[in-house]
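The structure appears right after this line, and notes come after that.
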Amino acid sequence: MYDMVYKWLGLIEVKYQIKTLAFVIMPNHVHLLLHLTEYNINLNTVIGNAKRFMAYEFIQRLQRQNEHTLLNTLALACSVKEKAKGQLHKAFEPSFDAKPIYTLGFLNQKLDYIHHNPVSGKWNLADEFTAYPHSSAAYYYEGSIHPRVKITNYCDYWK
């Protein structure tokens, strides 16, 4: 499912000129550091559209793979109100946590957290945090271009 996040990051770059400064795609969540170049972009709308786009594709893939047990679990997760609106499956949590960044210190704290997430706590997704392929860590620490995401260096905005 990582490919859907990569596709979405490319889409928001083209459609909204939203720059991806840092990211990590984990098995059950995503951390992003985005720069919204236009002040009239509604992040709630952008994320809501992303969730709908990815949920639709996710459900289609599960149906093609005959993953009926998981589809039933996702169907049971829908509330009565969601079902009344026509929602058949609940693929995502309804909210997301967005924090504006106003200082370089806070930005560096978030970069460190994002990049070390694959090797922190219960996660052991790589031997070194820069080796995790679904992250911008190698871009910042080793100068490697990511093959799937156009990363904009945060220094272009924070000097």
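Readers should treat all values here as calculations from the given coordinates under stated rules, not as data from a laboratory. All values derive from a computational prediction rather than experimental measurement. All Cβ positions, even for glycine, are placed from backbone atoms using ideal geometry, and neighbour counts span all protein chains on display.
Please list, in order, the residues from region 26-42 whose amide nitrogen is less than 20 Å from a point placed 7 Å along the Cα→Cβ vector of TRP158. Residues 30-39 fall inside that zone. To the nearest ten degrees, helix 2-16 and the longest principal axis of the Cα atoms of the chain are 70 degrees apart.
Using the Cβ-Cβ distance between LEU11 and GLU128 with R0 set to 35 Å, the FRET efficiency from 1/(1 + (r/R0)^6) comes to roughly 0.70. Find, among the GluC sites (Glu not before Pro) in region 80-153, those assigned to loop by DSSP (not H, G, I, E, B) with at most 14 other beta-carbon atoms within 10 angstrom. Within region 80-153, the qualifying GluC sites (Glu not before Pro) (loop, at most 14 other Cβ atoms within 10 Å) are GLU128. Among residues other than LYS90 with Cβ under 14 Å from its Cβ, the summed charge is +3 (Lys and Arg +1, Asp and Glu -1). What you get for region 44-159, charging only the Cβ of Lys and Arg (+1) and of Asp and Glu (-1), is a dipole of about 580 debye around the Cα centre.
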